[in-house]
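The values are calculated or read from the model by the stated rules, or taken from the named source; none is laboratory data. Computed from a predicted model, the values in this text were never measured in an experiment. Note that we place each Cβ from the backbone using ideal geometry, even for glycine, and neighbour counts take in every protein chain shown. Just the protein is used for accessible areas: all its heavy atoms, side chains included, with ligands, DNA and RNA removed. Shrake-Rupley method; radii C 1.70, N 1.55, O 1.52, S 1.80 Å.
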Amino acid sequence: MNWITKIIKAGEKIKTAIRERATKEDIAKSDWTSCCKGPILKKDLEENLWVCPDCKRHHRIKPHQRFDILFGKNNYEIFKTPIPKDDPLNWTDSKPYKERLKSARKKTGLQCGMLVASGTINNIKITAVASDFDFLGASMAAAEGEAFLYGIQHAIENQTPFLCISAGGGMRMMESLISLSQMTRTTLAINELKKNHLPYLVCITDPTAGGITASYAMLGDIHIAEPGALIA
Ligand SMILES: [Zn+2]
């Protein structure tokens, strides 16, 4: 090894050390996150319903955290929704879709990107769905469509209002037309809800985009949105 290779090796070691210093996983596991004024304790943010006390930014939160706020901790039921066959088109881009699904499930602990729950707000029973942006950008595919339809069906059977907390980049490319058909399926399901004279409420959160905006996120009887949410 001459002096040049020694320097190059040392440089690579430093690069690796920097890369390893703070991976996204480390940040996810840490007690801290960051906002306008630098580091902020997640505990402090949580006490303020995940809204920054300084800049009022609404931080992205997980479906469980959302339901905790809406219904109260341990005060709601999460439903197991049908999971269709993985990767129906046998899709591979820079990585096989099967692998992407596997790591999304490991990362989020969810089987698909959308969760359905039922709880009460002011003594009114509500069925709600919320999406996890960490699950492939909360994109919609067959499994998420099934979750949405399960939620609507639950609302109709139990005569509850249906609340959709929307988030996600749109329809999932890796399931192509199967994903796109979820736009029609969710729209038809919402029509069924309305035929049953049950309210459809939408709370738009950051970010809501693509086919999600072009279908179920814009069909509410009442829409509210978190300030600053990207809607595209
Ligand atoms: Zn802030």
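Of the residues screened, Asn2 is not one that is of a type outside the set (D, E, K, R) and either within 13 Å of the ligand (Cβ to nearest atom) or at pLDDT 95 or above (or both).
What about Ala209, is it in contact with a Leu (Cβ under 6 Å, 6 or more places away or on another chain) and either small (Gly, Ala, Ser) or open to solvent by less than 10 Å² (accessible area, probe 1.4 Å) (or both)? Taking the combined requirement at face value, the residue does not satisfy it.
Among the residues of region 150-173, the ones that are closer than 20 Å to Thr213 by Cβ, open to solvent by 20 Å² or more (accessible area, probe 1.4 Å) and more than 15 Å from the chain's Cα centre (by Cα) come to 1 in all.
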